[in-house]
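**Student:** Below is one structure. I have some questions about it.
The values are calculated or read from the model by the stated rules, or taken from the named source; none is laboratory data. What you see is a predicted model, and the numbers here were worked out from it, not measured in a lab. Glycine gets a Cβ as well: all are built from the backbone with ideal geometry, and neighbour counts include every protein chain shown.
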Amino acid sequence: MHPNPMKLSVVIPAHNEEAVIGETVRDIVATLNDAGIPHEVILVNDNSTDGTADIAIRLVAELPTVRVIHRQPPGGFGRAIREGLSNVTGDCVVIAMGDASDDPKDIVTYYRKMVEGYDCAFGTRFTRGTTVRAYPPHKLIVNRIANTFIQVLFGTRYNDMTNAFKGFRTEVIRDISPLLANHFNMTVELPLKAMNRGYRYAVVPVNWYGRTAGVSRLSIRTMGRKYLFTVLHLWLERHLMRDELTHPAPAPLPDTPKP
């Protein structure tokens with residue numbers, strides 16, 4: 001590894017994840033330690049009403065690289081992400097889910113892509129070489145329709161924009177702030193803002209294992225209009241405010257997908 005490696009921050013939002021959050025955090029820390037990656041894990045307890053807070057406190061005492069933030073109302077996935085991102089001290093950051101659905105080894109892949117020089121690392125579950133388990137069929141159909149819509153609208157080949165599991169250099173997060181989404185529409189605000197500003201991103205296959213405990217809080221009916229608003233807002237930004245997006249696009253790396 002480079003003699004001065006980048007420090008990685010992992011932000012994990014968690015709401016009522018007492019059944020899996022301990023396993024999730026321990027697996028991530030063990031994987032990063034095995035890979036020799038300097039890191040911190042920021043666990044954002046988003047107004048949990050179960051035992052998540054107590055488990056988080058125990059994780060902090062057990063694992064030196066773990067910090068916890070206990071949020072106050074109002075709750076919301078996007079609000080939890082924003083608070084976690086505002087507290088990172090690393091050179092790059094990966095957002096991972098607290099339900100153990102993401103593969104910790106893929107965090108290492110993201111990190112190495114950013115060490116190579118990419119500004120962002122995006123995963124796709126929908127390509128060859130991936131494992132996807134227990135994806136609810138009705139949500140899969142909606143996911144594929146939504147992502148195809150975004151692909152056509154933005155002219156990109158990247159086909160998993162709504163996946164929350166992504167990596168960014170911290171300087172990218174600063175540049176695309178302020179972030180506005182309060183809920184799961186944050187999953188599209190982050191990558192689309194980065195793409196609008198010409199940041200270089202690598203796309204890699206990632207695994208997704210599905211929730212084994214707890215309850216998903218993503219309501220397609222409730223979130224649909226929020227996703228649509230965010231996507232259309234950023235499409236207008238892309239086409240009407242291009243001269244305000246001041247980040248100079250560097251020469252692309254060899255296998256950078258064209259946004």
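**Student:** Consider His15 carefully, then state whether it is farther than 27 Å from Tyr199 by Cα and touching a residue at least 60 places away in the same chain (Cβ under 8 Å).
**Tutor:** Values: farther than 27 Å from Tyr199 by Cα: yes; touching a residue at least 60 places away in the same chain (Cβ under 8 Å): yes.
Here the answer is yes, as His15 does meet what is asked.
**Student:** When you scan the range 134-200 for helices (runs of 4 or more DSSP H) that lie fully inside it, which ones turn up with 1 or more residues that are touching a strand residue (DSSP E or B) at 6+ places or on another chain (Cβ under 9 Å) and either free of Cβ contacts under 8 Å to residues at least 24 places away in the same chain or at positive phi (or both)? Give the derivation first.
**Tutor:** On the way: elements: 137-154, 170-176, 186-196.
Ranges flagged: 137-154, 170-176.
**Student:** Does Thr256 meet the test of being among the β-branched types (Val, Ile, Thr), farther than 30 Å from Asn16 by Cα, surrounded by 12 or more Cβ atoms within 10 Å (Cβ to Cβ) and at pLDDT below 95?
**Tutor:** Numbers: among the β-branched types (Val, Ile, Thr): yes; farther than 30 Å from Asn16 by Cα: yes; surrounded by 12 or more Cβ atoms within 10 Å (Cβ to Cβ): yes; at pLDDT below 95: yes.
It is true that Thr256 is among the β-branched types (Val, Ile, Thr), farther than 30 Å from Asn16 by Cα, surrounded by 12 or more Cβ atoms within 10 Å (Cβ to Cβ) and at pLDDT below 95.
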